[in-house]
1. Find how many whole Å separate the alpha carbon centroid of region 204-236 from the alpha carbon centroid of region 140-160.
2. Checking a compactness column here: for region 127-280, what do you get for Rg(Cα) / (2.2 N^0.38 Å), N being the number of residues?
3. With n ≥ 4 as the cut-off for DSSP H runs, can you work out [θ] at 222 nm for the chain, using -39500 (n - 2.57) per run divided by the number of residues, rounded to the nearest 500?
4. Please compute the per residue accessible area over the chain with all protein chains in place, 1.4 Å probe, rounded to a whole number of Å².
5. (i) 1.41; (ii) 1.16; (iii) 0.93: which one is Cα Rg over 2.2 N^0.38 Å as calculated from this entry?
6. Give me the lysines in straight-line cross-link reach of K45: C-alpha distance below 23 Å, same-chain residues under 8 apart excluded.
7. Rank A215, A124, A103 by mean-square fluctuation in a GNM of the chain with C-alpha springs under 10 angstrom and give only the top-ranked residue.
8. Ignoring any ligand, DNA or RNA, what whole percent of the accessible area of the chain comes from carbon and sulfur when the probe is 1.4 angstrom?
Amino acid sequence: MIRIGANPIGWSNDDMLEIGGDIPLETCLSEARDAGFTGMELGNKFPRTAAALKPILDAHGHALVSGWYSTELLIRDVAAEMGAVKAHATLLRDMGCTVLIAAETSNAIHSDMAKPLSARPVLAKDGWADFGARYTNFAQGLKAEYGLQLVYHHHMGTVVQTEAEIDRFMAVTGDAVGLLLDTGHATWGGGDPARIARHWKPRIHHVHCKDIREAVMWQSNKEDWSFLESVLAGVYTVPGDGLIDYVRVLKELQGYSGWIVVEAEQDPKKAEPATYAKLGHANLSRFIKEAGLA
């Protein structure tokens, strides 16, 4: 079964807390539900215990989909990472989630307004095997202790950004490590999300859908902007409002079961969240049907 969820980043940005900082959590949840969404991922305004969070989500008709976790497995061992993830994994488990979203951020630059994307870290060839082994062991630990499937979030400004890096990361990790397919990051990173979906379909357990405004992307690339500068300029938008052929991508995910999430960070002062939430849900629902997934 496919369910359509939302990420609160369209209302309030986690990397720039001042962006949408004035929008109450209840506004985000109610507008998302009005748009048709039935699940939400975590954001910076969410309580971090199940006892506090569940009544709030229940009141607005939402399940908790999952939530981002920043790993530092390039600089600390698996035991330390298991200790660091405890509170987050406990919350997801207690809220009935099935996946944990993870990305390596120990040396990432996506949250630094001053650093252009060209300054992103690149993992040395001889560092991949150990990185993959640590991630595999970490994923196995999460499954054993919390019953959660790790899904790796490739992301601009990190060591897993390009299509080749996604392929390499998946090749050096075991099946315990799942993939989060993010259409926007894959496309901006120079990849083909349909090819990634086709190649890694058995290990894709979560999907993020954001679209790309092509003119903004090319200007960012040409002028060497930072990730956050690009976001504020509107590089991302909701599915169906940019260059990505979503039906082509989704057709490669026949048999997929789980959440497909609209996760399109924009400046809410430029892109009114309720309007874009409705547009994103309507478009994605249509694309899922056209692709034969519903």
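1. Between the Cα centre of region 140-160 and that of region 204-236, the gap is 23 Å.
2. Working: Rg = 16.0 Å, N = 154, 2.2 N^0.38 = 14.9 Å.
My calculation over the Cα atoms of region 127-280 gives 1.08.
3. On the way: 12 runs with 120 residues, N = 294.
Helix contribution divided over all residues of the chain: -12000 deg cm²/dmol.
4. On the way: 11560 Å² over 294 residues.
Ligands and nucleic acids excluded, the figure is 39 Å² per residue.
5. (iii)
6. Correct list for K45: K54, K86, K210, K269, K270, K278.
7. Its mean-square fluctuation being the largest, the pick is A124.
8. That share works out to 52 percent.
The values are calculated or read from the model by the stated rules, or taken from the named source; none is laboratory data. Keep in mind that what you see is a predicted model, and the values were worked out from it rather than measured. Note: ideal-geometry Cβ built from the backbone for every residue, glycine included; neighbour counts use all protein chains shown. Side chains are part of the model used for accessible areas, which takes the heavy atoms of the whole protein and leaves out ligands, DNA and RNA. Shrake-Rupley method; radii C 1.70, N 1.55, O 1.52, S 1.80 Å.
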